[in-house]
1. Any idea which of (1) of a type outside the set (Val, Ile, Thr); (2) away from the ligand (no atom under 16 Å from the Cβ); (3) at pLDDT 95 or above is the one residue 53 doesn't satisfy?
2. For the range 293-308, how many residues meet the condition of being open to solvent by less than 80 Å² (accessible area, probe 1.4 Å) and touching a residue at least 60 places away in the same chain (Cβ under 8 Å)?
3. Does the range 14-34 hold any residues that are within 16 Å of the ligand (Cβ to nearest atom) and surrounded by 15 or more Cβ atoms within 10 Å (Cβ to Cβ), and which are they?
4. Say we look at the range 1-43 and pick out the residues that are at pLDDT 95 or above and of a type in the set (Phe, Trp, Tyr); which of these is nearest to the chain's Cα centre (by Cα)?
5. On the given criteria, is residue 46 near the ligand (Cβ under 6 Å from one of its atoms), within 15 Å of residue 15 (Cα to Cα) and surrounded by fewer than 19 Cβ atoms within 10 Å (Cβ to Cβ)?
6. Can you tell me which residue is modelled with the lowest pLDDT among those in the range 138-167 that are open to solvent by 10 Å² or more (accessible area, probe 1.4 Å) and among the small types (Gly, Ala, Ser)?
7. Residue under question is residue 37, and the condition is that it be within 16 Å of the ligand (Cβ to nearest atom), touching a residue at least 40 places away in the same chain (Cβ under 8 Å), touching a His at 6+ places or on another chain (Cβ under 9 Å) and under 27 Å from residue 244 (Cα atoms); does it hold?
Amino acid sequence: MSGFSPSPEKERVQDLLWVPTIRDFFKRPLTSGPLRVLCLPGRRCRFLMKLLDRGYTTLEHVTCIERDPIEELLIRGALASYSPSSPVPVDVVADSLYNVLTAGAERAISRQYQVIDLDIYGRLEPEGDVFRSLVAAVDVQTGARVSEWVLLLTVEAASARQSVLESLVKNEAALMTPYGPVVNRRLTTAQATDNSGPGRLVRYAACVAACVVETAFPNFTPKLVRAPIFYRGSDVYDRPAARALMGAFPFWLSRPPRPIAAMGPAARAALLDPAFDSCIRKAIQLKVALAEHDSIAISRNVTALPLD
Ligand SMILES: C[S@@+](CC[C@H](N)C(=O)[O-])C[C@H]1O[C@@H](n2cnc3c(N)ncnc32)[C@H](O)[C@@H]1O
């Protein structure tokens with residue numbers, strides 16, 4: 001599956017969500033020096049270059065993951081202009097993200113990443129690569145004893161290999177099975193029962209937030225720092241007409257104070273509930289990015305997204 005190139009919408013979403021999230025993290029008083037970043041930059045490294053250009057990180061502080069050997073070479077080539085020396089002093093690992101975070105966990109832990117850009121192909125589902133990589137990333141960060149870090153999570157809300165709406169219906173139902181009780185309690189009756197495409201997308205976004213809160217617990221408390229944006233993503237097999245529906249979620253995770261004098265399920269709920277409340281509230285404010293002629297419009301108008 002080579003030949004990845006980001007859609008114009010994706011690049012806009014990176015400018016609007018990812019870059020400001022990293023900028024805010026970089027500028028917080030606790031940050032000192034270039035950020036330590038784990039990413040899957042893709043052959044053009046566009047987003048990574050934005051971070052390098054703005055001085056938020058340097059090549060020496062970045063690990064690039066790419067499982068496709070040709071794409072890996074292209075990444076080295078793309079980054080060559082950022083370094084006078086050869087080979088380029090950047091850590092490029094030719095493996096799957098999951099392996100890097102599990103079999104290679106010791107090394108990943110030692111890097112003490114402050115930013116993990118989890119942008120791999122796939123849906124968020126129990127046995128899938130995205131969920132397993134998310135769990136592994138939390139484990140690595142727990143082992144690294146990082147107190148605060150940024151998780152940039154990209155998920156495929158609907159595939160373009162079938163009808164986008166049919167795929168969204170399936171994916172929303174699959175996430176509502178585990179997260180329905182947590183999510184529905186935080187929605188209005190209208191939101192919980194709206195079975196239109198946009199209605200399902202709202203619940204899907206809420207489930208993604210719930211999943212991250214639950215997966216990070218009890219080691220980190222996530223905050224969804226900006227409303228997620230959904231957009232038509234990269235071409236599938238280089239077919240511009242077939243673009244998956246993607247969602248971008250910027251989280252900031254911090255280590256909660258160790259709870260004392262709290263025991264049992266009620267204590268667990270008391271710890272989890274505020275994070276569910278805040279992340280789900282933010283998730284359902286989702287926005288959409290739509291290409292219009294030469295520009296990309298960002299709006300709250302989910303009904304404008306072509307979902308059939
Ligand atoms: C979605 S693209 C990343 C794009 C990049 N973040 C950007 O914004 O332009 C994913 C890239 O990572 C590779 N990739 C996808 N899933 C992967 C995985 N599970 N492990 C390692 N590499 C993966 C693909 O070959 C592709 O080059």
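1. (2)
2. Residues that pass the stated criteria total 6.
3. If the condition is that a residue be within 16 Å of the ligand (Cβ to nearest atom) and surrounded by 15 or more Cβ atoms within 10 Å (Cβ to Cβ), then 14, 16, 17, 18, 19, 21, 22 are the ones that fit.
4. Per the stated criteria, the residue is 18.
5. Against the criterion (near the ligand (Cβ under 6 Å from one of its atoms), within 15 Å of residue 15 (Cα to Cα) and surrounded by fewer than 19 Cβ atoms within 10 Å (Cβ to Cβ)), residue 46 qualifies.
6. Here the answer is 160.
7. It is true that residue 37 is within 16 Å of the ligand (Cβ to nearest atom), touching a residue at least 40 places away in the same chain (Cβ under 8 Å), touching a His at 6+ places or on another chain (Cβ under 9 Å) and under 27 Å from residue 244 (Cα atoms).
For every residue, the table says whether it meets (1) of a type in the set (A, V, I, L, M, F, W, C); (2) in a loop (DSSP other than H, G, I, E, B); (3) out of contact with any helix residue (DSSP H, G or I) (no Cβ under 8 Å at 6 or more places or on another chain).
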{"residue": "162", "(1), (2), (3)": "no, yes, yes"}
{"residue": "166", "(1), (2), (3)": "no, no, yes"}
{"residue": "177", "(1), (2), (3)": "no, no, yes"}
{"residue": "199", "(1), (2), (3)": "no, no, no"}
{"residue": "205", "(1), (2), (3)": "yes, no, no"}
{"residue": "212", "(1), (2), (3)": "yes, no, no"}
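The values are calculated or read from the model by the stated rules, or taken from the named source; none is laboratory data. If you're wondering where the values come from, they're calculated on a predicted model, not measured in any experiment. Virtual Cβ from ideal backbone geometry, glycine too; neighbours counted across all protein chains shown. Heavy atoms of the whole protein, side chains included, go into the accessibility calculation; ligands, DNA and RNA do not. Shrake-Rupley method; radii C 1.70, N 1.55, O 1.52, S 1.80 Å.
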